[in-house]
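The values are calculated or read from the model by the stated rules, or taken from the named source; none is laboratory data. Being a predicted model, the structure only gives us computed values, none of them experimental. Methodologically, a virtual Cβ is constructed for each residue, glycine included, from the backbone with ideal geometry; neighbour enumeration extends over all protein chains shown. In case anyone asks, the SASA skips ligands and DNA or RNA and just uses the protein heavy atoms, side chains included. Shrake-Rupley method; radii C 1.70, N 1.55, O 1.52, S 1.80 Å.
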Amino acid sequence: MVLAMMLYTVIQLHITFFAMHSQDVNDVLAAIDHAIDKGLASPNRIAVVGGSHGGFLTTHLIGQAPDKFAAAAARNPVCNLASMVGTTDIPDWCYFEAYGSEGKDKFTEATSAADLAIFHSKSPISHISKVKTPTIFLIGAQDLRVPPSNGIQYARALKEKGVETKVIIFPNDVHGIERPQSDYESFLNIGVWFKKYCK
C-alpha cells in the first residue's frame, strides 16, 4: 500500500507468505515506478517500512535497489535466515522461505551446512554490501519469533559500512512491539527518521 505521510511517500509492507527475494522485490519496484510515472510520488522521497516478514522485504529492497529509497524502517526484521533458523520458534518457516513449498519436506532441526549456505543466500544480509539507505531498526528484546540478534547483526553491518543507522530496543516487548507506549514511540521515531531523510 502506498501512503502519503508528512509530504513524502511511504511504501508500507504487509506481506503474505510467498517466495521472497526476487519476484516480490520486482513487484514493489514496479509499483513504485508506476506511482512515480503517474506523478503520485517523488523519486527522491520514497521511504519503505515493514515489520517481521515485511522487514524481510524492506531489507531485501534496500539491498537490491540501493538507489531507490531515501529512508527505511524495519521493525523486528528477518535479515539472516541462517542465524535465525536455530533460535526462532518457527524454524520450519526458514525452510519455507529458502525452498518454497519444498521446504516442508526438507525441514529438520539439524540444519546442514548446505542449508545454512542457501539460507544466507536467500537473506537480505547477502546484499548488505550494496545498501546505502539510512535505516532505523525497532527491536523487541523479548521477541522469540525473530530473535533480536537478527536485526542487530544487520544494523551493525550497516554501521560498519558507514550507512546512517539507528537501533531502538524495546526491552519489554515481543515480536509485535504492541505495548501502547512502545508502539507510539516506534512510529514516532519512524516519522522523525523519514522526515529527516525524505527532503
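Rolling a 1.4 angstrom probe over region 45-101 with all protein chains present gives an accessible area of which 50% lies on carbon and sulfur atoms. Overall, the accessible surface of region 108-186 at a probe of 1.4 angstrom is composed of carbon and sulfur to the extent of 53 percent.
Taking only the alpha carbons of region 113-186, we obtain Rg and Dmax values of 13.8, 42 Å in that order. Remark: the ILE169-ALA113 segment gains 17.1 nm on full extension, using 0.36 nm per residue and subtracting the alpha carbon distance.
Spin-label model, ARG179 to ALA141: label points 7 Å out along the Cα-to-beta-carbon direction sit 0.9 nm apart. Pairs of Cα atoms nearer than 8 Å and 6+ residues apart set the relative contact order; for the chain it is 21 percent. Angle of helix 148-161 to the longest C-alpha principal axis of the chain, folded into 0 to 90 degrees and rounded to 10: 60°. Taking every protein chain into account, the accessible area of the chain amounts to 48 square angstrom per residue (probe 1.4 Å). Pairs from the table (LYS122/LYS161; LYS130/LYS159; LYS130/LYS195; LYS38/LYS130) lying more than 18 angstrom apart at Cα are LYS122/LYS161; LYS130/LYS195; LYS38/LYS130. Between LYS159 and ASP33, the FRET efficiency estimated from the beta carbon spacing at R0 = 41 angstrom works out to 0.85.
Within a straight-line Cα-Cα reach of under 16 Å, LYS196 can be paired with the following aspartates and glutamates, leaving aside sequence neighbours fewer than 8 residues apart in one chain: GLU164.
Enclosing the Cα atoms of the chain in their convex hull gives a volume equal to 106 cubic angstrom per residue. Fully extending the segment from LYS195 to ASP89, taken as 0.36 nm per residue of separation minus the present Cα-Cα distance, adds 34.6 nm. Can you list the residues of region 108-145 with backbone N under 20 Å from a point 7 Å past the Cα of ILE152, pointing along Cα to Cβ? From region 108-145, the list is 124-126, 135-145.
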